[in-house]
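Beneath this line is the structure, given in structure tokens, with notes to follow.
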Amino acid sequence: AVKAAQVISEIAKNEEMKKLCIEAGLVPTLMPLLESTDEEMLLHAGRAIGRICYDNRDLQEELVKVGVITSLVRILTDYAESEPLVHVDLLALCSLTDLDTAKEALSKTKVAEQLVKQLRRAENHERLEIVFEVLQALAENDALKVQLVEAGVQDALSEILLRLQGSSQAEDACIVKAASDLIVSLLLGGKKPEYWQSRHTKKQHQGPLCRGTVICSVDGNCERMVQFGVVHQLLDLLEKHVESGDVSVQHAAFSALRNLATPVVNKVHMLEEGVAERIQALLRSEMPPVQFKLLGTLRMLADGQADAAEVLGQDPMLLNRLVQWCTANNHTGVRGEANRLLASILRHNRSQEVVKAIKEAQGVKHLVFMTTNVHAAMQNEALNALAIASAINLETLEETFKESQLVQSLHKLLQDDNTSPEVKYNSMVLLCNLLNSGDLRQEIEDDKIKETLEELCNDSNANVAKEAVTTLQALR
């Protein structure tokens, strides 16, 4: 039987012979052999089944139905030290993990523990690539993500990152990218990265990591990652790469950091550990992709955190860089994130000193301009920030508001039929605050906003109509 399985595995290398093997019913005949305790039998039977079923989705679905996943995990567990068997087993998992049914079956096993074990003991790049490909596929499943974190995959990944950081070898750079990207995958949902193609398909690595659509994962995974110290390991890695390192590594690490900073409990933990200061130290980078990720991470940390907003809002170096980036014509993403971070600092801050600092850095005029952005979300962020700032310290901002023609900008928003109801509502909230200034009240009256408000009292949107009545009463 061992020799017969070996012959079949050789025959199945030929594409034309695969069909004959299927027609002869060899797959169901070979399946029971995966329960053998003979390593040679397992090796040849596994190769034969893998080669016959490769790239045949229907056959692969059948294999999952008849319990091949249980057999593969058993072999990975019982023969973890056997290099040939582990290799065949991992290749089989690579072929099957694209199937949702396979992921579901794997979630009921202890495959996570075994894969983390193989990740730790892998001694060459090829083995690491195969393990990473399997892990990337499993990270698309929420239940398996949790199991991987509980199995300590983050520790194994951190060890790899620290061991290889600074290496100039191209193969090491590929592994660092894959490890960083896997951390991202454990925090996000979305498409399987296209960067890692199966080695056994004879395809070459074809370029930067594909992120897919970002979908926030279960907060529990993010919290575990922070507790295990992944944040500082990612920052260690970034500090090595921020000036002349690999951009793909920077992308992956910043994506991970940004999503680690999403849960409220993580914001507090990361701020207490000085993460914001370490991130700010990376401001020396002149690379737009790094700047974009950096700003997004800081904005995520400041979200809902008054203490963080107060610290960031009184940092002269940060504010000066933000104001520079607010006019970064060569990179619209950086410009947008810089404006959003300025707005976030004001929105979550309750300090007069922060308002003064942003005004002195000449950041207020950029937020006024942000109210005219084509994206309603950014308009609302700016309007809310300016409303809070004017409620805290209108006297400080009065002259800047006049110079930047804030009143006239708000009037245009209220007159424009294409302005969203939320933006009109927030514009009127800000107008009410401006009425507390004699000079600004005079501008509002001179610009004949009263007539526009009277029209909005009959607006089809109930919230807009109600706020128009309120603003009109305040004006009168």
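Of note:
- Cross-chain or 6+ apart pairs with Cβ under 9 Å, region 79-91 first and more than 20 Å from ARG51 (Cα to Cα), then of a type in the set (Lys, Arg) and open to solvent by 10 Å² or more (accessible area, probe 1.4 Å): ALA80/LYS117; ALA80/ARG121; GLU81/ARG121
- Selection from region 261-286 of residues that are at pLDDT below 80, part of a loop (DSSP other than H, G, I, E, B) and open to solvent by 50 Å² or more (accessible area, probe 1.4 Å): GLU286
- Residue ID - least open to solvent (accessible area, probe 1.4 Å), chosen from residues in region 5-47 that are over 42 Å from the mean Cα position of the chain (by Cα) and among the β-branched types (Val, Ile, Thr): ILE8
- Test for LYS103: is it in contact with a Ser or Thr (Cβ under 7 Å, 6 or more places away or on another chain), farther than 28 Å from ALA24 by Cβ and of a type in the set (D, E, K, R): yes
- Cβ-Cβ under 7 Å pairs, at least 6 apart or on other chains, region 384-411 side more than 15 Å from LEU346 (Cβ to Cβ), far side part of a helix (DSSP H, G or I) and polar (S, T, N, Q): LEU410/SER427; HIS411/THR452
- Being more than 30 Å from GLN324 (Cβ to Cβ) and not basic (Lys, Arg) is a property that GLN408 lacks.
- Flag if ALA308 is modelled with pLDDT of 90 or more and not assigned by the TED database to the domain that holds GLY229: no
- Of all the listed residues (GLU140, GLU133), the sole one being at pLDDT 85 or above, surrounded by 14 or more Cβ atoms within 10 Å (Cβ to Cβ) and in contact with a Phe, Trp or Tyr (Cβ under 9 Å, 6 or more places away or on another chain) is GLU133.
- Looking only at residues in region 398-414 that are assigned to a helix (DSSP H, G or I) and over 22 Å from GLU451 (Cβ atoms), the one that is least open to solvent (accessible area, probe 1.4 Å) is THR400.
- Breaking point among (1) part of a loop (DSSP other than H, G, I, E, B); (2) surrounded by 15 or more Cβ atoms within 10 Å (Cβ to Cβ), for VAL423: (1)
Results for (1) assigned by the TED database to the domain that holds ASP100; (2) touching a residue at least 60 places away in the same chain (Cβ under 8 Å), shown as yes or no for each residue.
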position: LYS117; (1), (2): yes, no
position: GLU133; (1), (2): no, yes
position: ALA143; (1), (2): no, no
position: GLN147; (1), (2): no, no
position: ALA156; (1), (2): no, no
position: ILE160; (1), (2): no, no
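The rows are residues; the columns are (1) surrounded by 21 or more Cβ atoms within 10 Å (Cβ to Cβ); (2) under 29 Å from the mean Cα position of the chain (by Cα); (3) in a helix (DSSP H, G or I).
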| site | (1), (2), (3) |
| --- | --- |
| GLY333 | no, yes, yes |
| GLU337 | yes, yes, yes |
| LEU341 | yes, yes, yes |
| SER344 | yes, yes, yes |
| VAL355 | yes, no, yes |
| LYS359 | no, no, yes |
| GLN362 | no, no, no |
| ASN373 | no, yes, no |
| MET378 | no, yes, yes |
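- Check on GLU104, out of contact with any helix residue (DSSP H, G or I) (no Cβ under 8 Å at 6 or more places or on another chain) and either open to solvent by less than 70 Å² (accessible area, probe 1.4 Å) or not assigned by the TED database to the domain that holds LEU182 (or both): yes
- If only residues of region 381-397 that are more than 35 Å from the chain's Cα centre (by Cα) and not polar (S, T, N, Q) are counted, the one that is most open to solvent (accessible area, probe 1.4 Å) is GLU395.
- Answer residue from region 436-456, given it is in a loop (DSSP other than H, G, I, E, B) and open to solvent by 40 Å² or more (accessible area, probe 1.4 Å) and is modelled with the highest pLDDT among those: ASN436
- The set of residues from region 311-331 being in contact with an Asp or Glu (Cβ under 8 Å, 6 or more places away or on another chain), assigned to a helix (DSSP H, G or I) and open to solvent by 30 Å² or more (accessible area, probe 1.4 Å) is empty.
- 2 or more residues closer than 29 Å to GLU159 by Cα: qualifying helices (runs of 4 or more DSSP H) within region 20-121: 68-78, 83-96, 100-106, 111-121
- Scope region 318-335; condition touching a helix residue (DSSP H, G or I) at 6+ places or on another chain (Cβ under 7 Å) and closer than 18 Å to GLN280 by Cα; matching residues: LEU318, LEU319, ARG321, LEU322, VAL323, TRP325, CYS326, VAL334, ARG335
- Tabulated pairs, region 261-284, first hydroxyl-bearing (Ser, Thr, Tyr), second buried (at least 19 other Cβ atoms within 10 Å of the Cβ) and not in a loop (DSSP other than H, G, I, E, B), C-beta under 8 angstrom, 6+ apart or interchain: THR262/CYS222; THR262/MET300
- Number of positions in region 76-98 that are closer than 16 Å to LEU144 by Cα and crowded, with 18+ Cβ neighbours inside 10 Å: 4
- Where ALA112 falls short, out of the listed (1) within 24 Å of GLN60 (Cα to Cα); (2) open to solvent by 30 Å² or more (accessible area, probe 1.4 Å): (2)
The values are calculated or read from the model by the stated rules, or taken from the named source; none is laboratory data. Source: prediction; values computed, not measured. Note that each Cβ is placed from the backbone with ideal geometry, even for glycine, and that neighbours are counted across all protein chains shown. In case anyone asks, the SASA skips ligands and DNA or RNA and just uses the protein heavy atoms, side chains included. Shrake-Rupley method; radii C 1.70, N 1.55, O 1.52, S 1.80 Å.
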